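Participant: Have a look at this one before I ask anything.
The values are calculated or read from the model by the stated rules, or taken from the named source; none is laboratory data. Values in this document were obtained by computation on a predicted structure and should not be read as measured data. Positions of Cβ are generated from backbone atoms using ideal geometry, with glycine treated the same way; all protein chains shown enter the neighbour counts. These area figures cover heavy atoms from the full protein model, side chains too; ligands, DNA and RNA do not enter into them. Shrake-Rupley method; radii C 1.70, N 1.55, O 1.52, S 1.80 Å.
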Amino acid sequence: MRLLVTGGAGYIGSLTAERLLERGHEVVVVDDLSSGHAEDVPSGAHFVEASIADRSVVAALCETHGIEACVHFAGRIAMGESMVVPERYWATNVGETLVLFKTLIDAGVDAVVLSSTAGVYGTPDQLPIDEQQPTVPASTYGQTKLVVEQVAQSMAALGRLRFVALRYFNAAGGAPGHAERHRTETHLIPLAIAAAVGHRPALQLFGTDYPTPDGTCIRDYIHVEDLAEAHVLAVEAFDRGLTSLIANLGTGTGYSNREVLAMVSTVTGREVPVVEADRRPGDAAELVASSALATEVLGWVPRHSSLEQIVADAWAGYQAAFGTLPLA
Ligand SMILES: NC(=O)c1ccc[n+]([C@@H]2O[C@H](COP(=O)([O-])OP(=O)(O)OC[C@H]3O[C@@H](n4cnc5c(N)ncnc54)[C@H](O)[C@@H]3O)[C@@H](O)[C@H]2O)c1
């Protein structure tokens, strides 16, 4: 297929673009580089630096390249920041996405794969979390992702849009040329690696009194390679007649923060300096996915997501991107 990938200079989007190209699809990347890295866009993709809200650029790309579907990663991703400057999250994740939807539909592109998040669930009633669980986001970030799903659902009900929304749990790991290096990093594994090599101060461990075996939060880590594969399968499912799907992407196995830090120490051969801190508001004790729906409908099976492989690939990506020498 001929695909528009928004946010294709970012962590998950750039690797997905590469895997889509390898599968024989044509890829056009639109990214404003607000947090992405131009050098991470795979060389086989046509790259345009622009906002998804730039109607004339996106419309022209759809027409010139005969775009058939869009894989939409572009957006703001920091849950904590969304509670401090929520308007930025509503403007980009919702406002600009709605502009993108309109531009795509006006250009005859009616199929979209959306990046959603486990953050739509808030604190779950039961584990593992399946898609029937109530959606009560605890952050503005989660709310914005849920609203976009709801917009897509209402358009799909009228036959105006086909969509697959993929609710990622904790994206992690890396691949050559696709290290996790968000400009403002908030994710545990890259922060722990940076602390271990001395590029950052001690890691703040938020909450050590949760009702979990070691008192720290438990999360379901999913390798970015497995996420990329899910997007490839989602795009290809449109050709088989899929019209709408909202599906979790996780492994069903959770690891506590302390278990993750221990694995970072093992893999890097360095201790992770830690400072214990209070709980953060909105952090659930445990988030673990049921991804049975993605397996059933898309045929998706995570193959790269053992904790050891995730941390080893994150470490390889970190060394390639930053080295391990003291920062100048
Ligand atoms: N990383 C995770 O753990 C995680 C978990 C759940 C969901 N997600 C979602 O997955 C998507 C990708 O996340 P990521 O980790 O790769 O983030 P990222 O910041 O690495 O990638 C986002 C990309 O979008 C681009 N972008 C942002 N606003 C744009 C705009 N208005 N126009 C054009 N480009 C724009 C950025 O420059 C960046 O390259 C996001 O939508 C995020 O909400 C990520």
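Participant: Kindly list the number of the only condition in (1) modelled with pLDDT of 95 or more; (2) buried (at least 16 other Cβ atoms within 10 Å of the Cβ) that fails for ASP283.
Facilitator: Of (1) modelled with pLDDT of 95 or more; (2) buried (at least 16 other Cβ atoms within 10 Å of the Cβ), only one is false for ASP283: (1).
Participant: Among (1) within 11 Å of the ligand (Cβ to nearest atom); (2) buried (at least 22 other Cβ atoms within 10 Å of the Cβ); (3) closer than 20 Å to THR92 by Cβ, where does ILE189 come up short?
Facilitator: The one condition ILE189 does not meet is (3).
Participant: Pairs under 9 Å by beta carbon, first residue assigned to a helix (DSSP H, G or I) in the range 48-65, partner open to solvent by less than 20 Å² (accessible area, probe 1.4 Å) and aromatic (Phe, Trp, Tyr), six or more apart or different chains?
Facilitator: Within 9 Å, no pair qualifies.
Participant: I would also like to ask the following. Within the range 49-85, which residues are buried (at least 17 other Cβ atoms within 10 Å of the Cβ) and charged (D, E, K, R)?
Facilitator: Within the range 49-85, ASP54, GLU68, ARG76, GLU81 meet the criteria.
Participant: Something else about it: Report, by residue number, each residue of the range 142-186 that is farther than 30 Å from ALA316 by Cβ and open to solvent by 50 Å² or more (accessible area, probe 1.4 Å).
Facilitator: GLN143, GLN150, GLN153, SER154, ALA157, LEU158, GLY159, ARG160, ARG162
Participant: Counting only residues that are touching a helix residue (DSSP H, G or I) at 6+ places or on another chain (Cβ under 7 Å) and assigned to a strand (DSSP E or B), how many does the range 155-214 have?
Facilitator: Here the count works out to 13.
Participant: Next up: Since SER43 meets every condition but one in (1) open to solvent by 20 Å² or more (accessible area, probe 1.4 Å); (2) of a type in the set (S, T, N, Q); (3) closer than 26 Å to THR243 by Cα, which condition does it not meet?
Facilitator: (3)
Participant: I'm trying to understand the selection: among the residues of the range 120-136, which are within 16 Å of the ligand (Cβ to nearest atom) and at pLDDT 95 or above?
Facilitator: Across the range 120-136, the qualifying residues are VAL120, TYR121, ILE129, GLU131, THR135.
Participant: Could you check how many residues of the range 23-39 are small (Gly, Ala, Ser), in a loop (DSSP other than H, G, I, E, B) and more than 6 Å from the ligand (Cβ to nearest atom)?
Facilitator: Of the residues in that region, 1 qualify.
Participant: Check GLU149 against each of (1) within 11 Å of the ligand (Cβ to nearest atom); (2) closer than 19 Å to ASN248 by Cβ; (3) of a type in the set (Asp, Glu) and name the one condition it does not meet.
Facilitator: Only one criterion is unmet by GLU149, namely (1).
Participant: Given the residues LEU20, LEU114, LEU15, which is the only one that is more than 10 Å from the ligand (Cβ to nearest atom) and among the hydrophobic types (A, V, I, L, M, F, W, C)?
Facilitator: None of the others qualify; the one that does is LEU20.
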